[in-house]
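Following: one structure in structure tokens, then a few remarks.
The values are calculated or read from the model by the stated rules, or taken from the named source; none is laboratory data. This is a predicted model, so every value here is computed, not measured. Glycine also receives a Cβ, built like all others from the backbone with ideal geometry; neighbour counts cover every protein chain displayed. When the accessible area is computed, the model is the full protein with side chains, heavy atoms only, and any ligands, DNA or RNA have been set aside. Shrake-Rupley method; radii C 1.70, N 1.55, O 1.52, S 1.80 Å.
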Amino acid sequence: MPDKGWYYAQLEAIRDEMRERPDMLFYYELAAPRVNVPSTIDLEQEFGRLRVYNSAINEMWYASAAIGAGMIGTRVVAYIPYQGGTVGFDPIRQNSAKLRYKTGGVASQPIVFFIEESGQSPTIGPQHGDWDQDIYYAHMPGLKVVVPSTVYDAKGLM
């Protein structure tokens, strides 16, 4: 689980953007990302199930769903937890990253893949310890990868 200050800042940025854009969607899996410090941010409660979609544990499916929504111009944030950061790799690489090039620069996608930080610890098994996953994504033409270094950047770069 990421540091609560960073996590709160990122969820606050998503909430603020969803308030400004009534057509924006948020996808996540299993447990709704919410934090109670300094106050509660619960996107599902505020925006409802039509805009905040809870998927089964299937990062591949909802990365693909976000790409499909993005192809018609819908703004989407797909929250991918640390243990699944590379599971949705293939649709992101084959479809999202290449779309602009496949269409000669005509199409783009307003998608943010919010991939939670990861790392090595005694409680995380090797299948969940993709501490270097940002490098995979950073080397894909067509994607912009942001790794914030401060809480302020974490909110500002969302």
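So, of the residues in the range 46-65 that are of a type in the set (A, V, I, L, M, F, W, C) and in contact with a Leu (Cβ under 8 Å, 6 or more places away or on another chain), which turns out to be most open to solvent (accessible area, probe 1.4 Å)? Filtering first and then ranking leaves ILE57.
Looking only at the range 100-141, which residues are modelled with pLDDT of 80 or more, out of contact with any Lys or Arg (no Cβ under 7 Å at 6 or more places or on another chain) and small (Gly, Ala, Ser)?
First, pick out the residues of the range 100-141 that are modelled with pLDDT of 80 or more: 100-114, 136-141.
Now narrow it down to the ones that are out of contact with any Lys or Arg (no Cβ under 7 Å at 6 or more places or on another chain): 100-106, 109, 111-114, 136-139, 141.
GLY104, GLY105, ALA138, listed by residue number.
ARG15 fulfils the conditions (1) buried (at least 18 other Cβ atoms within 10 Å of the Cβ); (2) modelled with pLDDT of 90 or more except for a single criterion, (1). Scanning the range 29-56 for residues that are modelled with pLDDT under 85, within 21 Å of ALA154 (Cβ to Cβ) and of a type outside the set (D, E, K, R) turns up ALA31, ALA32, PRO33, VAL35, ASN36, VAL37, PRO38, SER39, THR40, ILE41.
Any residue that is assigned to a strand (DSSP E or B), at pLDDT below 80 and either touching a Leu at 6+ places or on another chain (Cβ under 9 Å) or surrounded by 15 or more Cβ atoms within 10 Å (Cβ to Cβ) (or both) - is there at least one of those in the range 70-80? No: the range 70-80 contains no residue that is assigned to a strand (DSSP E or B), at pLDDT below 80 and either touching a Leu at 6+ places or on another chain (Cβ under 9 Å) or surrounded by 15 or more Cβ atoms within 10 Å (Cβ to Cβ) (or both).
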